[in-house]
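*Asks:* Pasting a structure here, questions to come.
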Amino acid sequence: MTQTVAVIDYGSGNLHSVAKAVEYAGQCRVLVTADAEEIRSADRVVLPGVGAMGDCMQGLKERGLDLVVLGVIQEKPLMGVCVGMQILTESGEESAGVDALGVFSGQITQFSKSMKNLKGDALKVPHMGWNEVEQRQHPMWNGIADRTRFYFVHSYRYADATAECVVGTCEYGAPFAAALSKPNVFGVQFHPEKSHDAGIHLYRNFLTWDGAC
Amino acid sequence: MGLAKRIIPCLDVDQGRVVKGVQFEDIRDAGDPVEVSRRYNQEGADEITFLDITASHENRATTLETVSRMASEVFIPLTVGGGVRYLDNIRDLLLAGADKVSINTAAVFEPELVKKAAEKFGSQCIVVAIDAKQVEQARWEIFTHGGRKPTGLDAVEWAVRMVSYGAGEILLTSMDRDGTRDGFDLGLTRSVADAVTVPVVASGGVGHLNHLVDGVVQGHAEAVLAASIFHFAHHTIGEAKEVMAAAGIEVRL
């Protein structure tokens, strides 16, 4: 039977690309939905997110979906993308501070405006473009070469690249987390739906991932 | 190794067809935007920029439909611009599948639009497009309406102001060079790139692959944009990347 993937729609803007990329990745039925029942009954769930962490958390809570997400990950695989990954941590420092879902310990902080590369050039913020992801052992990377480039666009990041939950790192001024995981949860700071073949490959892996780390 | 410099083919689209003019005049047909973007995607383009050069009211639906078709099969970032005047235009384009929306003339007449757009949709998807012409030694001014109307605004000061309003990227076009194939205006590019904290995309004048190298090395651009050099199969994106890599620039191969 064709599996169902719920892409959670909580008012966070463009979900078109995420839905299309998941559909393109493999055989599945993709539902873009804010309905708690549809999300709970899906085989897998994608939690996207763009813009500000505070707005995303507010959008989730207003729809009562924060608790749905926390329930889902007890039972089946969930993939967080960009701000959808960030809100799985404990908190964010933007605006007045944002309390997040707390699935992963640690917080999201802003890139420094005075970072330099090895040549001494000032680094631009947002971190925008294709950067290399150094993988740590994880089944979601199957078939994707280490240091493959993915597309990033963000001004905040999970800075503790040595934390236990980190399964992929990227370097921009300093190392930061490109991917976080624990059983049933995989979050990426980059946009697989904008990362060409490598991104589609990652969504394909998600469609067969059993949730083990 | 780290962040790669980006190569961005640009599709100037007039009534649903890709065209490219020399200094915004003489228009040549280069095909269907979806087909053209599919080819660039396969060749390894890092992003695609789509500029709706007619941008008439009647044309809006066609543009949204084209953007939606592109976003359904091209899984790299897509920037869309041309005639963006209201928050609703931006929302419609983002919902159709654009990742970034570029605001040009409207930013000049209503700078607050940039601030509101960045607050509402996030800086990461708001690009301010600047069309500049040199007016004296080391001074460039903003021109609107395809380079015909001067505004008296200094290009560098304007870019800094737009970033303070929340622009997440600057798309900088030299109207003196656009369509000439003489290379980027490197003085303009470097002046703006060094003055702002966000990425600058250099545009206007690429006629040779080495011009792309110059834009990064001498112009300090994070990304380089070109249209006709790629459209008429003069060069592939892959060739452009090889030339950049050979010059020591980090690119996604």
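*Asks:* Of the numbered conditions (1) part of a loop (DSSP other than H, G, I, E, B); (2) within 9 Å of another protein chain (Cβ to nearest Cβ), B:Gly83 fails exactly one; give the number of that condition.
*Replies:* Just one mismatch for B:Gly83, condition (2).
*Asks:* Can you work out which of the residues in the range B:29-69 that are assigned to a loop (DSSP other than H, G, I, E, B) and within 14 Å of chain A (Cβ to nearest Cβ) is surrounded by the fewest Cβ atoms within 10 Å (Cβ to Cβ)? Don't jump to the end; show me each part of the working.
*Replies:* Of the residues in the range B:29-69, the ones assigned to a loop (DSSP other than H, G, I, E, B) are B:32, B:44-47, B:53-59.
Adding the requirement that they be within 14 Å of chain A (Cβ to nearest Cβ) leaves B:44-47.
Values: B:Gly44: 17, B:Ala45: 26, B:Asp46: 24, B:Glu47: 25.
By that ranking, first place goes to B:Gly44.
*Asks:* Now for a different question. Restricting the search to the range B:119-175, which residues are assigned to a helix (DSSP H, G or I), farther than 30 Å from A:Leu15 by Cα and open to solvent by 40 Å² or more (accessible area, probe 1.4 Å)?
*Replies:* Answer for the range B:119-175, where residues must be assigned to a helix (DSSP H, G or I), farther than 30 Å from A:Leu15 by Cα and open to solvent by 40 Å² or more (accessible area, probe 1.4 Å): B:Glu157, B:Val160, B:Arg161.
Condition check ((1) closer than 21 Å to A:Lys124 by Cβ; (2) among the aliphatic types (A, V, I, L, M)) across all residues:
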| site | (1), (2) |
| --- | --- |
| B:Gln134 | no, no |
| B:Phe143 | no, no |
| B:Gly147 | no, no |
| B:Pro150 | no, no |
| B:Trp158 | yes, no |
| B:Leu172 | yes, yes |
| B:Met175 | no, yes |
| B:Asp182 | no, no |
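*Asks:* Considering (1) in contact (Cβ under 8 Å) with a residue 24 or more places away in the chain; (2) loosely packed, with under 13 Cβ neighbours inside 10 Å; (3) of a type in the set (Gly, Ala, Ser), say which one A:Ala159 fails and leave the rest.
*Replies:* For A:Ala159, the failing item is (2).
*Asks:* Of everything in the range B:203-253, what is under 18 Å from B:Thr49 (Cα atoms), in a helix (DSSP H, G or I), within 14 Å of another protein chain (Cβ to nearest Cβ) and open to solvent by less than 10 Å² (accessible area, probe 1.4 Å)? Give them in sequence order.
*Replies:* Correct list: B:Ile237, B:Lys241.
*Asks:* Within the range A:118-156, how many residues turn out to be open to solvent by 40 Å² or more (accessible area, probe 1.4 Å), touching a residue at least 12 places away in the same chain (Cβ under 8 Å) and of a type outside the set (Asp, Glu)?
*Replies:* Result for the range A:118-156: 8.
*Asks:* Residues of the range B:176-202 being open to solvent by less than 30 Å² (accessible area, probe 1.4 Å), aliphatic (A, V, I, L, M) and not in a loop (DSSP other than H, G, I, E, B), which ones?
*Replies:* Answer for the range B:176-202, where residues must be open to solvent by less than 30 Å² (accessible area, probe 1.4 Å), aliphatic (A, V, I, L, M) and not in a loop (DSSP other than H, G, I, E, B): B:Leu188, B:Val192, B:Ala193, B:Val200, B:Val201, B:Ala202.
*Asks:* Right, here's the next one. A:Glu37: charged (D, E, K, R) and either in a loop (DSSP other than H, G, I, E, B) or touching a strand residue (DSSP E or B) at 6+ places or on another chain (Cβ under 8 Å) (or both), yes or no?
*Replies:* no
*Asks:* Looking at (1) assigned to a loop (DSSP other than H, G, I, E, B); (2) under 18 Å from the mean Cα position of the chain (by Cα), can you tell me which one A:Glu75 breaks?
*Replies:* It is condition (2) that A:Glu75 fails.
*Asks:* Collect the residues in the range A:100-117 that are among the polar types (S, T, N, Q) and either open to solvent by 40 Å² or more (accessible area, probe 1.4 Å) or within 17 Å of A:Phe206 (Cβ to Cβ) (or both), keeping them in residue-number order. Steps first, answer last, please.
*Replies:* Here is the first cut: in the range A:100-117, the residues among the polar types (S, T, N, Q) are A:105, A:107, A:109-110, A:112, A:114, A:117.
Scanning the range A:100-117 gives A:Ser105, A:Gln107, A:Gln110, A:Ser112, A:Ser114, A:Asn117.
*Asks:* Of the residues B:Ile90, B:Ile142, B:Ile130, which single one is more than 9 Å from chain A (Cβ to nearest Cβ), touching a helix residue (DSSP H, G or I) at 6+ places or on another chain (Cβ under 7 Å) and under 20 Å from B:Ala61 (Cβ atoms)?
*Replies:* Testing whether each residue is more than 9 Å from chain A (Cβ to nearest Cβ), touching a helix residue (DSSP H, G or I) at 6+ places or on another chain (Cβ under 7 Å) and under 20 Å from B:Ala61 (Cβ atoms) leaves just B:Ile90.
*Asks:* Collect the residues in the range A:24-46 that are open to solvent by 70 Å² or more (accessible area, probe 1.4 Å) and polar (S, T, N, Q), keeping them in residue-number order.
*Replies:* Listed by number, the residues that qualify are A:Gln27, A:Ser41.
*Asks:* Scan (1) crowded, with 20+ Cβ neighbours inside 10 Å; (2) more than 10 Å from chain B (Cβ to nearest Cβ) for the single condition A:Gly54 breaks and write down its number.
*Replies:* (1)
*Asks:* If a residue has to be within 12 Å of chain B (Cβ to nearest Cβ) and either without any contact (Cβ under 8 Å) to a residue 60 or more places away in the chain or not in a loop (DSSP other than H, G, I, E, B) (or both) to count, how many in the range A:87-103 make the cut?
*Replies:* 1
*Asks:* Quick one: which residue in B:Ser102, B:Ser72 is buried (at least 17 other Cβ atoms within 10 Å of the Cβ) and in a helix (DSSP H, G or I)?
*Replies:* Selected residue: B:Ser72, the only one of B:Ser102, B:Ser72 that is buried (at least 17 other Cβ atoms within 10 Å of the Cβ) and in a helix (DSSP H, G or I).
*Asks:* Moving on. Out of all the residues in the range A:104-123, which are at the interface with chain B (Cβ under 10 Å from one of its Cβ atoms) and either assigned to a strand (DSSP E or B) or touching a helix residue (DSSP H, G or I) at 6+ places or on another chain (Cβ under 9 Å) (or both)?
*Replies:* A:Ala122
*Asks:* Take A:Val185 and tell me if it is at pLDDT below 95 and surrounded by 20 or more Cβ atoms within 10 Å (Cβ to Cβ).
*Replies:* no
The values are calculated or read from the model by the stated rules, or taken from the named source; none is laboratory data. Keep in mind it's a predicted model, so treat the numbers as computed, not measured. Using ideal geometry, Cβ is built from the backbone for each residue, glycine included, and neighbour counts are taken over all protein chains shown. Heavy atoms of the whole protein, side chains included, go into the accessibility calculation; ligands, DNA and RNA do not. Shrake-Rupley method; radii C 1.70, N 1.55, O 1.52, S 1.80 Å.
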